Amino acid sequence: MSKKWVGYLVFFTVLLSGFFYFVFRGTDNWKVKLPTLSYVKPFHFTNQDGQPVTEADLTNKITVVEYFFTTCKGICPKLNTNMKDIYMQFKNEPDFQIFSHTCNPGTDSVAVLKHYADSLQVDTKKWIFITGRKDSLYQMARSSYLLDDPKNNVEKIEDQFIHTQFFALVDRNGKVRGKIYDGLKTLEVQQLKRDLARLLKDK
């Protein structure tokens, strides 16, 4: 190859590099985006203060989602220990929140959830505890948040019981992002924190 063509090649390489630098500098556009797994469907539930909670409450917020029940003696205490760790790290972020849905609404009334929230000593404007109709709660877990197998819907709702250890991460537009995180595994909780921080930066 002649020196002339080598010069042209170097020139266009520098030109192209400069173009990409000016297009992407100061942004995260060069990074691989977190996958979109699902979209949150419309819902209407009730929080620990007896106030309505709908899909509109997800707008412009980054939300961590879980299912638990207050009388659980198995995985739930560990899950909510890990969730409180997430809460403590991000509680001062104005666009951060947690949705903790009960999977046992027959027991976990508004008053029971309020007592449970108070026992954790958390800001219930940031960490919201949610109850509602069992069939609606379970449908959301399966079809929106992907926290349980949708095939379980074929059973009678009276015979169903979700006992999931997974967390979901929802972006400002109501999209479930990243992956479904195992709330009992330290490495996956740490990954959720990193992905949550990325979404908080993405305006």
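The values are calculated or read from the model by the stated rules, or taken from the named source; none is laboratory data. A quick note: this is a predicted structure, and the numbers were derived from the prediction, not measured. Ideal geometry is used to build each Cβ from the backbone, glycine not excepted, and the neighbour counts take in all protein chains shown.
Structure notes:
- Filtered residue count, region 134-150, keeping only those that are in contact with a helix residue (DSSP H, G or I) (Cβ under 9 Å, 6 or more places away or on another chain) and over 25 Å from residue 87 (Cα atoms): 6
- Checking each residue in region 57-97 for being more than 16 Å from residue 43 (Cβ to Cβ) and of a type in the set (Val, Ile, Thr) picks out 62, 64, 70, 71, 75, 81, 86.
- Pick from region 174-203, criterion more than 12 Å from the chain's Cα centre (by Cα) and of a type in the set (A, V, I, L, M), ranking: surrounded by the most Cβ atoms within 10 Å (Cβ to Cβ): 184
- Output for region 139-173, where each listed residue is polar (S, T, N, Q), more than 23 Å from residue 198 (Cα to Cα) and either more than 17 Å from the chain's Cα centre (by Cα) or part of a helix (DSSP H, G or I) (or both): 139, 143, 152, 153, 160
- Unique residue being in the same structural domain as residue 92 (by TED's automatic domain parsing), more than 18 Å from the chain's Cα centre (by Cα), touching a residue at least 12 places away in the same chain (Cβ under 8 Å) and under 15 Å from residue 100 (Cα atoms) when the list is 136, 119: 136
- Subset of region 173-198 [among the small types (Gly, Ala, Ser) and within 14 Å of residue 34 (Cβ to Cβ)]: 178, 197
- Residue selected from region 115-137 under the condition in a loop (DSSP other than H, G, I, E, B) and in contact with a strand residue (DSSP E or B) (Cβ under 6 Å, 6 or more places away or on another chain), by the criterion farthest from residue 105 (Cα to Cα): 126
- Positions within region 174-203 being of a type in the set (A, V, I, L, M), outside any helix (DSSP H, G or I) and under 11 Å from residue 63 (Cα atoms), in sequence order: 176
- Residue tally, condition surrounded by 11 or more Cβ atoms within 10 Å (Cβ to Cβ) and closer than 18 Å to residue 69 by Cα, over region 148-164: 7
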